[in-house]
1. Taking the stated definitions as given, is residue 90 touching a strand residue (DSSP E or B) at 6+ places or on another chain (Cβ under 9 Å), loosely packed, with under 13 Cβ neighbours inside 10 Å, farther than 30 Å from residue 19 by Cα and in the same structural domain as residue 225 (by TED's automatic domain parsing)?
2. Residues that are within 15 Å of the ligand (Cβ to nearest atom) and either modelled with pLDDT of 95 or more or under 19 Å from the mean Cα position of the chain (by Cα) (or both): find the strands (runs of 3 or more DSSP E) completely inside the range 47-139 holding 2 or more of those.
3. Could you check the range 13-29 and list, in sequence order, the residues that are assigned to a loop (DSSP other than H, G, I, E, B) and either closer than 22 Å to residue 321 by Cα or in contact (Cβ under 8 Å) with a residue 60 or more places away in the chain (or both)?
4. For residue 10, only one of the following conditions fails: (1) touching a residue at least 60 places away in the same chain (Cβ under 8 Å); (2) more than 12 Å from the ligand (Cβ to nearest atom); (3) under 21 Å from residue 127 (Cα atoms). What is its number?
5. Considering only the range 205-235, state which residues are out of contact with any helix residue (DSSP H, G or I) (no Cβ under 6 Å at 6 or more places or on another chain), more than 27 Å from residue 115 (Cα to Cα) and modelled with pLDDT of 95 or more.
6. Can you tell me which residue within the range 196-213, out of those that are crowded, with 19+ Cβ neighbours inside 10 Å and more than 18 Å from residue 49 (Cβ to Cβ), is nearest to the ligand (Cβ to nearest atom)?
7. Give the range 322-348 a look and list any residue that's near the ligand (Cβ under 8 Å from one of its atoms) and in contact with a strand residue (DSSP E or B) (Cβ under 8 Å, 6 or more places away or on another chain), or say none.
8. Is it fair to say residue 149 is surrounded by fewer than 19 Cβ atoms within 10 Å (Cβ to Cβ), within 11 Å of the ligand (Cβ to nearest atom) and in the same structural domain as residue 32 (by TED's automatic domain parsing)?
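The values are calculated or read from the model by the stated rules, or taken from the named source; none is laboratory data. No experiment lies behind these values; they were computed from the predicted model shown. In this analysis, Cβ positions are derived from the backbone assuming ideal geometry, glycine residues included, and neighbour counts consider all displayed protein chains.
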Ligand SMILES: Cc1cc2nc3c(=O)[nH]c(=O)nc-3n(C[C@H](O)[C@H](O)[C@H](O)COP(=O)(O)OP(=O)(O)OC[C@H]3O[C@@H](n4cnc5c(N)ncnc54)[C@H](O)[C@@H]3O)c2cc1C
């Protein structure tokens, strides 16, 4: 049942959608709602027990993110990289060691986990976020758009759709979107939608005692990249990395054993003293991936100009990291697109 019309509706409570909401509020706009399909906010930011199973790192030149972090009082810390890194370039050869140049700027992490950004952005708009609301269609009406989510219907003067374009194109639109646009949306790969993350936790960061950074790089291994993922308070000691996609379809137990055996070879028997083991395969997450592809080996193209325009007679706008002409795919791109979308709807 339709209750009343909102001025703005944002679909998706990931970084981009929450950035738009935060910006709207900053500009004195209060008549809006954020509709989110999942039972949680954050989208591709997902931190559990101080472990970032989604986005983790950022750089000093990600200026909008850095500005927001300062504004929201979120501290940053360096990705741990002291000691020897391991390069695995050949399954027969012994480990190849190299060190990170500590004079070069490193990747940063958010103290408290990336989820802190989500919590801080959502803090002042909690009552405007509606969870468990999966939007299926957007219908243009003379002065509004009607947004359908299951048995619920919402009316709004305009709508910002922040779903990854490959998912957004699967919604039903009336009237239909231009073919040129739907083709672009369908071809836009969802960044990291094929990633499988693994995180293994320990009572101590035992690798540091062996002068190892915890970094292991090797495309031929079951874990293609591994890093120290100890939290900023130094209370949760973990190694976190990306699982080789070749292991996607084997059983959980077989994958886990293959990973542990591989890490045992390079980090020693202490790997078996783990106290926690978690995996997240983003390709299986229907709110990130549409299952039509699992992998992409082409450099994705983001920020197509077609996303820099309104549709449905100035009532519909697309946002989200894949629509961003700067740092598309990254958190910075999500924030950039969120700021841009809020500016556009306020000025429309
Ligand atoms: C494993 C992984 C590692 C990453 N690592 C990094 C990193 O280290 N650094 C970095 O900068 N970036 C990283 N990223 C990318 C980063 O997470 C994204 O750029 C960013 O989170 C995207 O935000 P977004 O709001 O554009 O999209 P999303 O976070 O995807 O938000 C879209 C929202 O829409 C919701 N939604 C979907 N369908 C519907 C529907 N039908 N109805 C209602 N709601 C719906 C989703 O649930 C979601 O909350 C990583 C991503 C992953 C998955």
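1. yes
2. Details: elements: 76-78, 84-87, 96-99, 108-110.
In the range 47-139, the matching strands (runs of 3 or more DSSP E) lie at 76-78, 108-110.
3. So in the range 13-29, the residues assigned to a loop (DSSP other than H, G, I, E, B) come out as 13, 27-29.
Answer for the range 13-29, where residues must be assigned to a loop (DSSP other than H, G, I, E, B) and either closer than 22 Å to residue 321 by Cα or in contact (Cβ under 8 Å) with a residue 60 or more places away in the chain (or both): 13, 27, 29.
4. Exception for residue 10: condition (2).
5. 209, 210, 211, 212, listed by residue number.
6. Across the range 196-213, the extreme among qualifying residues is 196.
7. Matches in the range 322-348: 330, 331, 332, 334.
8. yes
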